[in-house]
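Asker: Once you've had a glance at the structure underneath, I'll fire off some questions.
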Amino acid sequence: MTRARTPVGLLAAALLAVLGAAPPATAAAVTVRDMLGHEVTLAAPPARIVSLVPSATEVIFALGAEDRLVGRTDYCEFPPAARSKPSVGGMVNPSLEALVALKPDLVIATDEGNREETFQQLARLRIPTYLVHATRLDALLDMIGRIGELTGRQAAVRPLTDGLRRRVEAVRNAVAPFPRPRVLYVIWPEPLIVPGRPSLLTELIETAGGDSVTAQEGQAYVRFSVEAAVALAPQVIVLADHASANGHASGAGRPEPEKWRRFTSVPAIRAGRLYSVDLSVLHRYGPSVVDGLEALARLIHPEAFK
């Protein structure tokens, strides 16, 4: 008896017909390991890349390799020039039809934001997929080097990474002489989301001279209540404003400082250290995260940058 195909199976079969049989391995084929240790075999250095990761898209532009980028997601909006590239949809649910139509020879994806189902579909379609995972500053620098290798832009890697290292070290040196205040960073207002120990935001707060009051949480992103957050007695509160990020005027992600000002016994409120700012660069995990680090350090330690 013939087994009925699932809708996903039918889609994969149809797209395989468009792609044709996979080309045989040639002497030019290369095998690399992605950031999760998976082997990725490429018939040749990739000339047509689709990025499903905003940070990877930013790195490709920062290295001057944008001529190899043929597609991106709706969330790959930085630098602004990235918006001129065709979109394949969201990170969670990219359009396979749109992706295949771009004829990529490599897809850059991530285990944080893309689905395992997407990886499986790409494997069935014989489209090489390179996974990145950069949730630490050192990992970001590693990712830049790896993308430089993939795109043939090795010469651009060192100037970029050296510049980022110098700026991070300058922040560390500037804040080092001062006491470390307790910082509450609110990633999203409703439901309230805060960073835990595995989050890059926790490392950035520490690098900027603060101690995150939610650093003890074991997950990268944790749901909290306002009451639980203020009970941690933060001395600085930073509310990330997503509503105005990238020029969007929607109300989604707009912080509500008035909800916090009523807690007059909280040290941050008493000292007038409640900030509502657009720090979207901190959430992209690309090279511009260092811009966000510098801005965050000025909020936590304004005295260090007079």
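Asker: Give the residue, chosen from S55, S51, that is touching a Ser or Thr at 6+ places or on another chain (Cβ under 9 Å), touching a residue at least 60 places away in the same chain (Cβ under 8 Å) and open to solvent by less than 30 Å² (accessible area, probe 1.4 Å). Lay out the reasoning, then the answer.
Answerer: Details: S51 fails: touching a residue at least 60 places away in the same chain (Cβ under 8 Å).
Step by step, each of S55, S51 is checked, and only S55 is touching a Ser or Thr at 6+ places or on another chain (Cβ under 9 Å), touching a residue at least 60 places away in the same chain (Cβ under 8 Å) and open to solvent by less than 30 Å² (accessible area, probe 1.4 Å).
Asker: Still on this structure, I have one more. Scanning segment 269-306 for residues that are charged (D, E, K, R) and within 24 Å of E169 (Cβ to Cβ), which turns out most open to solvent (accessible area, probe 1.4 Å)?
Answerer: From segment 269-306, those charged (D, E, K, R) are 270, 273, 278, 284, 291, 294, 298, 303, 306; that's our starting set.
Next cut, within 24 Å of E169 (Cβ to Cβ) only: 284, 291, 294, 298, 303, 306.
Numbers: R284: 32, D291: 71, E294: 45, R298: 126, E303: 71, K306: 207 Å².
The qualifying residue most open to solvent (accessible area, probe 1.4 Å) is K306.
Asker: Among the numbered criteria (1) open to solvent by 50 Å² or more (accessible area, probe 1.4 Å); (2) modelled with pLDDT under 95, which one does S84 miss?
Answerer: (2)
Asker: Right, here's the next one. Mind checking whether some residue in segment 104-113 is of a type in the set (S, T, N, Q), surrounded by 19 or more Cβ atoms within 10 Å (Cβ to Cβ) and either within 26 Å of P195 (Cβ to Cβ) or at pLDDT 95 or above (or both)? Steps first, please.
Answerer: First, pick out the residues of segment 104-113 that are of a type in the set (S, T, N, Q): 110.
Now drop any that are not surrounded by 19 or more Cβ atoms within 10 Å (Cβ to Cβ), which leaves 110.
If we keep only those that are either within 26 Å of P195 (Cβ to Cβ) or at pLDDT 95 or above (or both) too, we end up with 110.
Taking every residue of segment 104-113 in turn, at least one turns out to be of a type in the set (S, T, N, Q), surrounded by 19 or more Cβ atoms within 10 Å (Cβ to Cβ) and either within 26 Å of P195 (Cβ to Cβ) or at pLDDT 95 or above (or both).
Asker: Something else: Is it true that some residue in segment 219-230 is assigned to a loop (DSSP other than H, G, I, E, B), closer than 24 Å to A170 by Cα, without any contact (Cβ under 8 Å) to a residue 60 or more places away in the chain and more than 19 Å from the chain's Cα centre (by Cα)?
Answerer: Filtering segment 219-230 down to residues assigned to a loop (DSSP other than H, G, I, E, B) leaves 219-220, 224-225.
Of the ones still in play, those that are also closer than 24 Å to A170 by Cα are none.
No: zero hits.
Asker: Does segment 276-288 hold any residues that are modelled with pLDDT of 95 or more and either in a helix (DSSP H, G or I) or within 15 Å of L184 (Cα to Cα) (or both), and which are they?
Answerer: Answer for segment 276-288, where residues must be modelled with pLDDT of 95 or more and either in a helix (DSSP H, G or I) or within 15 Å of L184 (Cα to Cα) (or both): there is none.
Asker: Scanning segment 91-103 for residues that are assigned to a helix (DSSP H, G or I) and in contact with a strand residue (DSSP E or B) (Cβ under 8 Å, 6 or more places away or on another chain), which turns out most open to solvent (accessible area, probe 1.4 Å)? Break it down into steps so the answer makes sense when it comes.
Answerer: Quick first cut of segment 91-103, residues assigned to a helix (DSSP H, G or I) only: 96-101.
Still in the list and also in contact with a strand residue (DSSP E or B) (Cβ under 8 Å, 6 or more places away or on another chain): 98-99.
Details: A98: 35, L99: 1 Å².
Looking at the filtered set, the residue picked out is A98.
Asker: (1) open to solvent by 80 Å² or more (accessible area, probe 1.4 Å); (2) closer than 25 Å to H133 by Cα; (3) in contact (Cβ under 8 Å) with a residue 40 or more places away in the chain: which one isn't true of R172, the others all being true?
Answerer: Looking at each condition in turn, R172 falls short on (3).
The values are calculated or read from the model by the stated rules, or taken from the named source; none is laboratory data. Model, not experiment: these values are computed from the prediction. A quick note on method: Cβ atoms are made from the backbone with ideal geometry, for glycine too, and the neighbour counts reach across all protein chains shown. Heads up: the accessible areas ignore ligands, DNA and RNA and are worked out on the full protein's heavy atoms, side chains in. Shrake-Rupley method; radii C 1.70, N 1.55, O 1.52, S 1.80 Å.
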